[in-house]
Amino acid sequence: MNDPDSELRPIGGQPPSLINLPTGCAFHPRCPVAQIPSPCSEIVPVSQKLTAKTEALESEHRAACHFAQDLVDHARAAAL
């Protein structure tokens, strides 16, 4: 993930219309971890600082996702 030469993995589907954003998180229609009907389709997520004690996340990272910290914790547990 920290390799500047690595390729980004695109999110499937179409980007949201900037003049007609969906309710809740703008990415929920194409997010693989979205929970619908709630909270993803109803509540705009707030940017939060992610905490992880791994080399991959040494510096401060932020994400606006209802499940960002859960995903970091799961990835950390899987790496142990």
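The values are calculated or read from the model by the stated rules, or taken from the named source; none is laboratory data. Keep in mind it's a predicted model, so treat the numbers as computed, not measured. Cβ placement follows ideal geometry from the backbone for every residue including glycine, while neighbour counts extend to all protein chains displayed.
For the reader, a short list of remarks on this structure follows.
- Filter result (under 8 Å from the mean Cα position of the chain (by Cα) and part of a loop (DSSP other than H, G, I, E, B)) within region 67-80: Phe67
- Pairs with Cβ under 6 Å, 6+ apart, first in region 61-73 and modelled with pLDDT under 85, second in a loop (DSSP other than H, G, I, E, B): Val72/Ala52
Matching residues to (1) in contact with a Ser or Thr (Cβ under 8 Å, 6 or more places away or on another chain); (2) among the hydroxyl-bearing types (Ser, Thr, Tyr); (3) in a loop (DSSP other than H, G, I, E, B):
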| site | (1), (2), (3) |
| --- | --- |
| Glu7 | no, no, yes |
| Ser17 | no, yes, yes |
| Leu21 | no, no, yes |
| Gly24 | yes, no, yes |
| Pro29 | no, no, no |
| Pro32 | no, no, yes |
| Ile36 | no, no, yes |
| Cys40 | no, no, yes |
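- Search result, residues across region 4-32 that are at pLDDT below 90 and small (Gly, Ala, Ser): Ser6, Gly12, Gly13, Ser17
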